[in-house]
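**Student:** One structure coming up, written as C-alpha cells, with questions to follow.
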Amino acid sequence: MPYALWTPCASHSKPKGAIINEPRVNERINVPEVRLVGPGGEQVGVVAIENALRLAVEANLDLVEVAPNAKPPVVKLMDYGKYKYEAAQKAREARRNQVSTQLKEIRIGLKIDQHDYETKLKRIYKFLDAGDKVKIQLRFRGREQSRPEDGLHLMERIANDAAENGVVESAPRLDGRAMVMVLAPIRRKSEAKSDQRRRREAQRAERKAQEAKRGNKGVVAVEAATVAQTEESTASE
C-alpha cells in the first residue's frame, strides 16, 4: 500500500501572523561560547554558554541572543516576556502616530448665500484644524461659466477667511465647468491628533473629578443624616 502524502494539521501549522524572526532564547542558543551583557547593559565578557545559562537561571531572567552574527554571538540577560510586551506597545504607539493627511472636499456654488457660506467655512475650519487638506470645488451653472473672475473673487474670499487655519497649496484654476482650489493645514496631522488626545484625556480627568466630588457629597450627606438620627435618639432617651 503506497504511503499517503502527509500534510500538516492545524496543530502543526504556523499560526497566522506568527513572528518568524524572533531571537533565539535560552536553550535554543546552541553555540559553545557567547559574549554576555548583563541586564543593566554591563559587559560581562566572553563566557561558555553553560555558564551564561546558569547565570540566567540564578537571576530568574532569560538569555536572549541580540547579535547572532557577531563572533562570538552577543547575548543579554533580560525578562524576555516583558521585553516583548514593551516592544509591542512601542510598535502600537508608532502605528498610532503614523497618521496620513486626507483630502476633504467642499462643493459650493457661485450664488451661495451668507448662511451657507458661513456653514461651509466652518467645515473648512474643522478639516484644516484636524490636519487635513481641503479641496474646494466651485461649480458654474449656465452663463456663470462666462464670468470666471466672479469665481476667482469667491475663492480669494475663502482663502482670506481661512488664512489663520490654512494656506493655499493649489491656486484657483478652471477645471471644466468648475474652479478648484486646495487649502493645506498650517499644523501637521500628528500635532492635531496629539491635541485631540490631550483634550480627551483632560475631559476624562474632569469627569472623574466631578464624579468623585458628587460621591464625596453623598458620603457627607449620609454622615450628616446619621449624626442627626443619633442626636434625635439621644434626645428621646
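What follows draws every value from the coordinates through simple rules; no lab data is involved. On a predicted model such as this, the values are computed, not experimentally measured, just so you know. So basically every Cβ, Gly included, is an ideal-geometry build from the backbone, and we count neighbours across all protein chains shown.
**Student:** Using per-residue counts of other Cβ atoms within 10 Å, averaged over each peptide, order 38-44, 159-165 from highest down. All intermediate terms of the calculation are to be shown ahead of the outcome.
**Tutor:** Details: 38-44: 10.4, 159-165: 14.7.
Packing order, densest peptide first, comes out as 159-165, 38-44.
**Student:** Could you pull out every one of the aspartates and glutamates with an alpha carbon less than 17 Å from that of residue 82, ignoring same-chain neighbours closer than 8 positions?
**Tutor:** Output for residue 82: 22, 62, 65, 93.
**Student:** Arranged from highest to lowest average of other beta-carbon atoms within 10 Å per residue, in what order do the peptides 135-142, 124-131 appear?
**Tutor:** Values: 135-142: 16.4, 124-131: 19.2.
Packing proxy ranking, top to bottom: 124-131, 135-142.
**Student:** What distance in nm separates the two pseudo spin-label positions at residue 126 and residue 105, each 7 Å out from Cα along the beta-carbon direction?
**Tutor:** It works out to 1.8 nm between the two label points.
**Student:** If you count, for each residue, the other Cβ atoms within 10 Å and average over each peptide, how do 56-68, 23-35 line up from highest to lowest?
**Tutor:** Working: 56-68: 16.1, 23-35: 14.5.
Taking the mean over residues of other Cβ atoms within 10 Å, the ranking is 56-68, 23-35.
**Student:** Residue by residue through segment 204-211, what is 3J(HN,Hα) from phi via Karplus (6.51 cos²θ - 1.76 cosθ + 1.60, θ = phi - 60°)? Round to whole Hz and write x for glycine and proline.
**Tutor:** Working through the residues one at a time gives 5, 5, 5, 5, 5, 5, 5, 5 Hz.
**Student:** If each residue of separation counts as 0.36 nm, what is the full-extension length gain between residue 156 and residue 25 once their alpha-carbon separation is subtracted? Walk me through the numbers on the way to the answer.
**Tutor:** On the way: separation 131, 0.36 × 131 = 47.16 nm, distance 6.41 nm.
Full extension from residue 156 to residue 25 adds 40.7 nm.
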